[in-house]
Amino acid sequence: MLERPATPPPASPSKSRLVSPSKKKQRIPTPPHAPNFEEFWNVHAVNTWNDEYSPQKPLMSPKKNRKALQEDSDSPSSSPKKSQSPAKKTRAEMDAKKDFENRKHNLVEDFFAELDDKITENKIGDLAALTGGVKFVWSKTLNSTAGRANWKRETTKHRNLDGSITTTQKHHASIELAEKVIDDEERLLNVVAHEFCHLANFMVSGIKDQPHGHQFKVWGKKCSDAFGHRGVEVTTKHSYHIDYKYIWTCTNDMCSHEFKRHSKSIDPARHSCGVCRGKLAQTKPVPRKQAGPTSYAAFVKANFATLKQEMAGAPHKEVMAALGQKYRDQKAKGELSVATPPAGVEDMAKALEVVTLDSE
């Protein structure tokens, strides 16, 4: 028989209860002045009491308040993003892209013929033969997707002399390809295979209401299995990184939002960030700095009028020839010193600082 211990074990400490914060609104304490005192009726005294005991709320603009909350937050997402300038393409990458541009048209036709031969046994080519075959259109305005398959079936009925009716079907098929999205061979093969599955779904399987349904996935698996060694993997969506030619970045460190375009359609002097209204700066390609006027241009600007007066009546060609000879002579002797005029208001102010006016 087990004996009970002489000293009972200590009781487990009770858990502390969390006290909910008071939901009562803070109120200003009642002033100590009774109606029979003069301070009770003094507006200045009442306002002073209210200002002293009213709960203070710091006044802060929404922008500064949002910035303060982000600085106090410990989450990684609150740290400002630093805009990174895009890396410049190497010479090899530029040559590879140029080579792809030269042979992409033949590559599309050859690969589509391979797909039609191995996957559908040339059924798509035979069905579209009456309309000239499947057409490939390279589009500069197709930006929402990498490719798009278009198909239309035209049915014609003709009554023969014996009363019978002959039905003829023509299949109009085309594939649109986005020039600004498809920029390498592997991406081109995947887009063509994807659009080929759409045409096979429409023309061979006869399915028009389920573009990415079960039968599309069956065609996609056949293409992936047959051409997987060439990097082809047919999925239900195009998920490609688009190489935009121009990128503008918000200069606000708390925003750093990027605006990507295929053309130079954003003017930082006229447009601002749509997220925080900050200023925009072009980051791809980095704009070149404007070079100042050359020494010869400054020399012509400073001496042309004087030399033209000295050679009054001479043709412009002779004046410029004499001006060029004068420039070369002074440059050879080391006497060339041209004062470039100030470019802006700040430079003009700096120039005026050294001017002293003597009173008579």
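The values are calculated or read from the model by the stated rules, or taken from the named source; none is laboratory data. Quantities reported herein were computed from a predicted structural model and do not represent experimental measurements. Positions of Cβ are backbone-derived with ideal geometry, glycine not excepted, and every protein chain shown enters the neighbour counts.
Restricting attention to segment 124-154 and to residues that are surrounded by fewer than 14 Cβ atoms within 10 Å (Cβ to Cβ) and basic (Lys, Arg), the residue that is farthest from Asn190 (Cα to Cα) turns out to be Lys152. Check whether at least one residue in segment 190-201 is surrounded by 13 or more Cβ atoms within 10 Å (Cβ to Cβ) and either assigned by TED's automatic domain parsing to the domain that holds Ala332 or among the charged types (D, E, K, R) (or both), and report yes or no. Checking segment 190-201: at least one residue is surrounded by 13 or more Cβ atoms within 10 Å (Cβ to Cβ) and either assigned by TED's automatic domain parsing to the domain that holds Ala332 or among the charged types (D, E, K, R) (or both). Among residues of segment 303-315 that are more than 20 Å from Leu336 (Cβ to Cβ) and without any contact (Cβ under 8 Å) to a residue 24 or more places away in the chain, those with a beta-carbon under 9 Å from a residue that is basic (Lys, Arg) and part of a helix (DSSP H, G or I) at least six positions away or on a different chain give the pairs Ala314/Lys308.
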